[in-house]
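Student: For reference, the structure I am asking about is given below.
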Amino acid sequence: MALRRAFLAASGTALLGLMLPPDVLAQSFPTKPLHFIVPLAPGGSADMLARLVGQHLSQRLGQAVIVEMRPGGGTVVGTSQVARAAADGYTLLFASNSLVINAKLRTNLPYDGIKAFEPVALMASSPQVLAVNAASPYRSFKQWLAAARAQPGTVSLASLGPDTTQHMASEWLQHTTGTQLIYAPFNGGALAVNAVLGGHVDTVLGNLAEMSPHIEAGRLRALAVTTRERLSALQQVPTIAESGYPGFEAIAWFGVAVPAGTPQEVIQVLAEGVKSAMSDPEIRRQLLAFSLQPDFLGPAEFAGHVAQQYQHYAHIIDDAHIQVM
């Protein structure tokens, strides 16, 4: 009898939640801690960004935001966890390029790559850099490329992978330059950088955020950047596009998504929280110092960005005949 009363009480509470007007629902959210799932390895730019935004959201919303690192399966492990979660706004996905890459590349995902999620907001972006150990004989991108062409299958390239921005960029680079590299995927960008610093891999392609301190300290030598124009922080480093491969561009982006079906009013609360975080002077200072560019987009604009990025990567994957690793 007690169990029946408890069930009826819980059912009544759930029904009341469904009957609440949208403005009341938004005002009542959240009433318990939120979980921010990051499907990437700890220690990199994603980890730092998630914790900064999570802390700001916690202060703004009055509830704890628990950041959980769930790497594995090319981000599929952590992303699957969010796809299975209740569509109530309490489980957030740290979304990146991998969301659309997997949607195109993998046919056996345990969730619909695009339809399983509702975009909340874009937070920031990061350019990619191709770099070598400072002791490397390669002094420029042209020297490195010439060596890779002269001896196919001998020059190694470390990056975050598989099925990430860096993996796609490395495959596209090989396709457009006609090279054959030894691809060395790592579970985290910091691990890929360390492999080159330790002399185990020739080259690294990754987020500027994770390489900037080593470039500034003289431990890494930047050979090229993946943006259309040169970076202000690395004015002396050419773009791959200007080095004879126009149109080559690879930029990592980071956003927030929630399970499909999450009430729009809740999504708006979360989006406003992210917007507030990206407008916070101290957070912006820390992101810029870490070579991350604050780049807020709201739900509708972020949805458009995700759709555009899907088409972008679909073209790369089809053109370069990239397959799941």
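Please treat every number below as a calculation from the coordinates, not as lab data. Only a predicted model underlies this, so the values are computations on that prediction, with no experimental measurement involved. Here the Cβ is made from the backbone with ideal geometry for all residues, glycine too, and neighbour counts use every protein chain on show.
Student: Nearest 0.05, what FRET efficiency do Gln59 and Asp319 give at R0 = 41 Å with Cβ-Cβ as r? Present the calculation step by step, with values, prior to reporting the outcome.
Tutor: Working: r = 45 Å, r/R0 = 1.10.
It comes to 0.35.
Student: Cβ under 15 Å from Pro30's Cβ, Pro30 left aside: what net charge do those residues give with Lys, Arg +1 and Asp, Glu -1?
Tutor: -1
Student: Can you compute the helix-only [θ] at 222 nm over the chain? Use -39500 (n - 2.57) per DSSP H run of at least 4 residues, normalise by all residues, nearest 500 deg cm²/dmol.
Tutor: Here the helix-only value at 222 nm equals -14000 deg cm²/dmol.
Student: So, one more: Most mobile of Thr227, Thr75, Thr154 per a Gaussian network model of the chain (Cα springs, under 10 Å)?
Tutor: Thr154
Student: From the C-alpha coordinates alone, can you work out the Kirkwood hydrodynamic radius of segment 127-234, in Å?
Tutor: On the way: mean 1/r = 0.0741 Å⁻¹.
Evaluated on segment 127-234, it is 13.5 Å.
Student: Give me the distance between the Cα centres of segment 43-107 and segment 194-246, rounded to whole Å.
Tutor: Rounded to whole Å, the Cα centres lie 27 Å apart.
Student: Quick one: work out the % antiparallel among DSSP beta bridges in the chain, nearest 5.
Tutor: Once the DSSP bridges in the chain are tallied, antiparallel ones form about 60 percent.
Student: How many angstrom separate the Cα center of segment 151-167 from the Cα center of segment 264-325?
Tutor: Each part's Cα centre sits 24 Å from the other's.
Student: Any idea what the dipole of the chain comes to, in debye rounded to 20, about its Cα centre with Lys/Arg Cβ at +1 and Asp/Glu Cβ at -1?
Tutor: That gives the chain a dipole magnitude of about 480 debye.
Student: When only C-alpha pairs under 8 Å and at least 6 residues apart count, what is the relative contact order of the chain, in percent?
Tutor: 25 percent
Student: Here's something else I'd like to know. Could you tell me whether segment 148-202 comes out rounded, prolate or oblate from its Cα gyration tensor? Rule is a ≥ b ≥ c as square roots of the eigenvalues, rounded for a/c under 1.5, then prolate if a/b exceeds b/c, otherwise oblate. Can you show the working numbers first?
Tutor: Values: a/c = 2.92, a/b = 1.28, b/c = 2.29.
It comes out oblate by the Cα gyration axes.
Student: Another one. What's the ranking of 59-66, 294-301, 124-131 by average number of surrounding C-beta atoms within 10 Å, highest first?
Tutor: 124-131, 294-301, 59-66
Student: Charges at C-beta only: +1 for Lys and Arg, -1 for Asp and Glu. How large is the resulting dipole of segment 127-234 about its Cα centre, in Debye rounded to 20?
Tutor: Values: 7 positive and 6 negative charges, 75 e Å.
Rounded to the nearest 20 debye, it is 360 debye.
Student: Only sites in a loop by DSSP and with at most 11 other Cβ atoms within 10 Å count here; which trypsin sites (Lys or Arg not before Pro) in segment 93-149 make the cut?
Tutor: In loop regions of segment 93-149 (DSSP not H, G, I, E or B), the sparsely surrounded trypsin sites (Lys or Arg not before Pro) are Lys115, Arg139.
Student: Count neighbours as other Cβ atoms within 10 Å of each site's Cβ, and list the GluC sites (Glu not before Pro) in segment 175-247 that are DSSP loop with at most 11 such neighbours. Please report the intermediate quantities before stating the final value.
Tutor: Working: sites: Glu210, Glu216, Glu229, Glu242; in loops: Glu229, Glu242.
Counting only loop positions with at most 11 other Cβ atoms within 10 Å, the GluC sites (Glu not before Pro) in segment 175-247 are Glu229.
Student: Over the Cα atoms of segment 38-96, compute the convex hull volume and normalise it per residue, giving Å³.
Tutor: Details: hull volume 4.4 nm³, N = 59.
Cα convex hull per residue, to the nearest whole number: 74 Å³.
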